[in-house]
């Protein structure tokens, strides 16, 4: 029993080492950035050295001084603490968008590919109409109708991304549907749901994961943009997009650090996610042969 | 013949998706919490006379489809209603801002086409250090959102170097160009990088193909090989990605207009969304969606001209 477990562990760790070697320095750097941002999103408010929401106008725009590594923002709040606390809304928002649109996109794509005919036509043309709405525009429209805030923006973006997700996955699901093993399972009497859940979706799994990763980057940029416009996360809640908007005056006043620091956080995470997503796409493609 | 059928089918799809999109935009009135009247008045109490005007304008006492039809008919005649905050015709308000947005998007598209495709072609044709540099730089640039590019450009070129103004539209053509340069560059940054990467990949792929190597070995001049055998074949993916990214600028322009305090449609749309000026939001959304869909259609049509096989193999989806 113990030997079996030990053998399994070495195989797993060997695979881990091989994966690290295959990803190279860019992959390792990306993994580090993503882990750090996730850690900050989970524990940010606890890690923050100072109260991220406590203003002190006498310290407004003050530069970095002992203990306050990134200085103070326009209201005299500690910038580093706000970055750490802001990781939460900046990371969870895109995560929600990805979960919503990838789940709905997978369901629609697999349904369309499985049933073909009328269902496929209805789903595909419904999605074609959604192509008419750019993500940011739909988010602004949602804010006008339902009021500004992260939930409306996140739902709007999930809907706007749906056709892009579903189109790629529908193609993959259709290829899977035509594989001989699917026909064999049908002959054996397996139900459509069981075949889809146990075989089709797991087999297009790598593509779903790659798609979700790339989508996270887009969602992060678009959600930050909506928050920058004042229609997403509402101040005084800390958020990277909001921080750029509220500290933009500092650029002309000679205090660019607060806005730049928030911008760099967004760019670092998006680059990392893009690098990782591209690798995952290559792997998914290679696996399919 | 089949080519015209292709164009006709695309036009039908265009009209259908615009109809549905306009229905969604109109239905915003009903999706909003409260009555359509409350949505139209921005939630503020109105004198009975104005209520009556709104009821008549939007035919609120008739059925939903009838209301939609009247609204659409008005919109097609350029009558988009009245702004509740500025008490002016939405079409007039749009007309005074449309050139800012159009100029910004065109300027950015020009930058993308010249620099993005140019960089992509050069680095696709010449593997080496330049190509490697382009790959790294474009990977970074593709991840820079327009508003982050905006703050970086303001810091360097407006505050440090003082070459370009940081805010505002400017007056007169040359001054406009000066004022629009930083906004256009920040709008173009991410798309430029994506266009360059896709261009590079498709040029490289075509350059490695056997017929190109045969042409080179037969002693056909490089210039001719590049033009006839590499670029001609790579043209379709390059056009597609340029078209898609250019179309997406139409919405992202809002972010850049706000960052640089430009008086354009996007900035006005954001302001209207904040004040719940629903007639303005509907009017601008309708216009931007139309522009977005039309640019995408044009991209499809240009691709079909570049590669007639696309029109022949196109099947109704």
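The values are calculated or read from the model by the stated rules, or taken from the named source; none is laboratory data. Here the structure is a predicted model, which means the values were calculated and not measured. So basically every Cβ, Gly included, is an ideal-geometry build from the backbone, and we count neighbours across all protein chains shown.
Values as computed for the structure displayed
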item: Of residues in segment B:30-46 being at the interface with chain A (Cβ under 10 Å from one of its Cβ atoms) and more than 19 Å from residue B:87 (Cβ to Cβ), the one surrounded by the most Cβ atoms within 10 Å (Cβ to Cβ); result: B:32
item: Among residues of segment B:153-171, those that are in contact (Cβ under 8 Å) with a residue 24 or more places away in the chain and at the interface with chain A (Cβ under 9 Å from one of its Cβ atoms), counted; result: 4
item: Meets criteria (surrounded by 15 or more Cβ atoms within 10 Å (Cβ to Cβ) and either assigned to a helix (DSSP H, G or I) or modelled with pLDDT of 95 or more (or both)) for residue A:46; result: no
item: Odd one out for residue B:126 among (1) over 16 Å from residue B:242 (Cα atoms); (2) within 14 Å of chain A (Cβ to nearest Cβ); result: (2)
item: Check on residue A:173, within 14 Å of chain B (Cβ to nearest Cβ), surrounded by 18 or more Cβ atoms within 10 Å (Cβ to Cβ) and touching a helix residue (DSSP H, G or I) at 6+ places or on another chain (Cβ under 8 Å); result: no
item: Answer from A:78, A:51, A:73 - the residue that is in contact (Cβ under 8 Å) with a residue 24 or more places away in the chain and either more than 26 Å from residue A:224 (Cβ to Cβ) or out of contact with any strand residue (DSSP E or B) (no Cβ under 9 Å at 6 or more places or on another chain) (or both); result: A:73
item: Selection within segment B:234-253 - under 16 Å from residue B:107 (Cβ atoms) and within 10 Å of another protein chain (Cβ to nearest Cβ); result: B:247, B:248, B:249, B:250, B:252, B:253
item: So residue B:279, is it modelled with pLDDT under 90, part of a helix (DSSP H, G or I) and either under 26 Å from residue B:170 (Cβ atoms) or within 11 Å of another protein chain (Cβ to nearest Cβ) (or both); result: yes
item: Candidates B:269, B:287, B:297, filtered to the one that is under 17 Å from the mean Cα position of the chain (by Cα), surrounded by 21 or more Cβ atoms within 10 Å (Cβ to Cβ) and within 12 Å of another protein chain (Cβ to nearest Cβ); result: B:269
item: Enumeration of residues in segment B:55-86 that are surrounded by 14 or more Cβ atoms within 10 Å (Cβ to Cβ) and more than 23 Å from residue B:276 (Cβ to Cβ); result: B:69
item: Boolean, residue A:160 is buried (at least 16 other Cβ atoms within 10 Å of the Cβ), within 14 Å of chain B (Cβ to nearest Cβ) and without any contact (Cβ under 8 Å) to a residue 24 or more places away in the chain; result: no
item: Helices (runs of 4 or more DSSP H) (entirely within segment A:171-248) containing at least 3 residues that are over 20 Å from residue B:258 (Cα atoms); result: A:180-187, A:192-195, A:205-228
item: Tally, over segment B:248-266, of residues that are surrounded by fewer than 19 Cβ atoms within 10 Å (Cβ to Cβ) and part of a helix (DSSP H, G or I); result: 0
item: Residue within segment B:160-174 that is at pLDDT below 90, in a helix (DSSP H, G or I), over 20 Å from the mean Cα position of the chain (by Cα) and surrounded by 17 or more Cβ atoms within 10 Å (Cβ to Cβ) present; result: no
item: Some residue of segment B:201-223 being assigned to a helix (DSSP H, G or I) and surrounded by 22 or more Cβ atoms within 10 Å (Cβ to Cβ); result: yes
item: Selected residue (criterion: farthest from residue B:254 (Cα to Cα)) from residues of segment A:140-157 that are touching a residue at least 40 places away in the same chain (Cβ under 8 Å) and within 9 Å of chain B (Cβ to nearest Cβ); result: A:148
item: Pairs where the first residue, in segment A:98-124, is within 14 Å of chain B (Cβ to nearest Cβ) and the second is outside any helix (DSSP H, G or I) and modelled with pLDDT of 90 or more, C-beta under 7 Å, 6+ apart; result: none
item: Residue in segment B:211-226 that is in contact (Cβ under 8 Å) with a residue 40 or more places away in the chain and touching a helix residue (DSSP H, G or I) at 6+ places or on another chain (Cβ under 6 Å) present; result: no
item: Residue list for segment B:132-150, restricted to those being touching a residue at least 60 places away in the same chain (Cβ under 8 Å) and surrounded by fewer than 22 Cβ atoms within 10 Å (Cβ to Cβ); result: B:134, B:135
item: Residue satisfying all of: in segment A:246-259; at the interface with chain B (Cβ under 8 Å from one of its Cβ atoms) and crowded, with 20+ Cβ neighbours inside 10 Å; nearest to residue B:154 (Cα to Cα) among these; result: A:251
item: Test result for residue B:245, part of a helix (DSSP H, G or I), more than 27 Å from residue B:27 (Cβ to Cβ), within 12 Å of the chain's Cα centre (by Cα) and touching a residue at least 24 places away in the same chain (Cβ under 8 Å); result: yes
